[in-house]
Amino acid sequence: MDLTQWIRERLQDRLDMVSQRIEQDDFICTIYYMMDAIDLEMLQTHVLRKLLQPYPGRSDERLQSIFQSYTFFPTTYSVAHTPEKALEGLLDGYVLLCISGETAGVLFPFPQKAKRVVSISENEKTIRGPKESFVEDVWTNLSLIRQRIKSENLVVEQFIIGSESRTIVLLVYMNGRCAPDMVQQFKTKLGEIRTDRVPGSSFLEELLDDRLISPFPKMLNTERPDVVVSSLFEGRLALLTDGTPSNLVAPATLLSFMQSAEDYYQRYFFSSWIRLLRYIFFVVSLVLPSAYVAITTFHPEMLPYNMLISLAASRDIVPFPAILEALIMEVTFEVMREAGQRIPTTMGQTISIVGAIVIGEAAVQAGIVSAPMVIIVALTGISSFVVPHFSLTLTIRILRFALLFISAIFGLLGLLIGVFFIYIHLLSMESYGTPYLSPFIPFKSEQMRDAAGRFPWTNWISKKRP
């Protein structure tokens, strides 16, 4: 069975398949392509025009120039030697040329994909830094990286994952900087994935994680090319997934999620101060509601007398205990945060702000919650937005509720136990061979110039970077 008949039997019911038969003496061929998936002008110029011209030689000479010497068509093309490879190329958006009596096919790369232009990053904004962000096309994303790394040491390896979706995943790393063991580990894991589809980069992140019980992310997801490039120079690797603008970087430590691209485009003393504030308010967003509930419920003697009188007066008309009051406000804040993300952008921020003011004021006036609790929850919510990466913010939101419950039962002792277990969990974690609390634990002095703060660039240049 020749390729033309095989393709016709496999795709006879496809309404989006276009076929065009060409006959010229004893040379008969059929062109197949997906509707609205190719550049018709390139097809006409490089393929159809050449096929419709009279050929002065013999048929076997024409076939030899097509399949062996690759000189017949004035464009780049490849030969699929099996029907399966020809079908894969056709479904990937290539033009397939089937010649009567031949089992091999010719594939022409004339894709015309619907894709978004490179635009401003919506989730990771900077004031001084570049504004470009990744898009859904993996090759466009790779070109954004190549514009910033013009080195032969940049290595790109391609994987096709998903038996039905056939999603392109690119493994990108710098040869000589990235650890060979980690590269081999990712190659093995990517090669072992068996699935019918890859919905996005988050799907790969979960499949590649060996410890799913941990709420802390092990891979950094970003939509900024400069963040990926900086990570590649630091010896990490990146996974670019076709169909999503959010790409993955590994390994990722807790320090990675506390750094922002803006840190490297401002003066070092300002960046260091802002980074220090992030660490402080990271702790505030995690423990502040729990500490308030524990102190007001079990340890009111820790408060100054005047503050204690003020808190008692504000809670005098509240019918709920502190833990229930905190849960009401925390859940309400979470609902408003989720609603703000789902509401159209033109009205989302306005509704969120007005809703917070109205609900908070009404709840205090009705005696459902106290004014100090509204302040605590609002400060906690604002503090969580100081963390640059959304994936770590989600972790804080989950752990905050766990600490809230244990503090309501055991007081400050329960809060300390909860924080201690989180610390032990972080000590036990690794991100693909890198300790999660590195470079703090274990302490690495050579990496501390970009840890809690950022040293001046002159210090980086005068020393060899790790």
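Look at (1) surrounded by 15 or more Cβ atoms within 10 Å (Cβ to Cβ); (2) at pLDDT 90 or above and you find that Ser78 fails only one, number (1). Only one entry in Thr380, Thr393 is of a type outside the set (Phe, Trp, Tyr) and in contact with a Lys or Arg (Cβ under 9 Å, 6 or more places away or on another chain), namely Thr380. When residues in segment 1-32 are screened for being among the aromatic types (Phe, Trp, Tyr) and open to solvent by 40 Å² or more (accessible area, probe 1.4 Å), 1 of them pass.
Being surrounded by 14 or more Cβ atoms within 10 Å (Cβ to Cβ) and under 15 Å from Gln112 (Cα atoms) is the filter here; which residues of segment 33-70 pass it? Tyr33, Met34, Ala37, Ile38, Asp39, Leu40, Met42, Leu43, listed by residue number.
Total residues in segment 122-169 satisfying the condition of being assigned to a loop (DSSP other than H, G, I, E, B) and either open to solvent by 80 Å² or more (accessible area, probe 1.4 Å) or touching a helix residue (DSSP H, G or I) at 6+ places or on another chain (Cβ under 9 Å) (or both): the figure is 21. Total residues in segment 145-168 satisfying the condition of being hydrophobic (A, V, I, L, M, F, W, C) and within 19 Å of the chain's Cα centre (by Cα): the figure is 6. Which condition breaks for Arg177 when tested against (1) assigned to a loop (DSSP other than H, G, I, E, B); (2) open to solvent by less than 80 Å² (accessible area, probe 1.4 Å)? Single failed check for Arg177: (2). For segment 343-359, state whether one or more residues are at pLDDT 85 or above, open to solvent by 10 Å² or more (accessible area, probe 1.4 Å), more than 30 Å from Thr188 (Cβ to Cβ) and over 23 Å from the mean Cα position of the chain (by Cα). So far as segment 343-359 goes, no, none of its residues is at pLDDT 85 or above, open to solvent by 10 Å² or more (accessible area, probe 1.4 Å), more than 30 Å from Thr188 (Cβ to Cβ) and over 23 Å from the mean Cα position of the chain (by Cα). Pairs linking a residue in segment 288-300 that is outside any helix (DSSP H, G or I) to a residue that is open to solvent by less than 20 Å² (accessible area, probe 1.4 Å) and modelled with pLDDT of 90 or more, with Cβ atoms under 7 Å and 6 or more positions apart or on different chains, are His299/Gly411. Can you name every residue in segment 197-217 that is under 14 Å from the mean Cα position of the chain (by Cα) and over 15 Å from Gln185 (Cα atoms)? Listed by number, the residues that qualify are Val198, Pro199, Gly200, Ser201, Ser202, Phe203, Glu206, Pro217. Among the residues of this structure, Ala252 does not count as one that is modelled with pLDDT of 85 or more, surrounded by 17 or more Cβ atoms within 10 Å (Cβ to Cβ) and part of a helix (DSSP H, G or I).
The values are calculated or read from the model by the stated rules, or taken from the named source; none is laboratory data. Everything numeric in this text was worked out from a predicted model, so none of it was measured. Note that each Cβ is placed from the backbone with ideal geometry, even for glycine, and that neighbours are counted across all protein chains shown. Heavy atoms of the whole protein, side chains included, go into the accessibility calculation; ligands, DNA and RNA do not. Shrake-Rupley method; radii C 1.70, N 1.55, O 1.52, S 1.80 Å.
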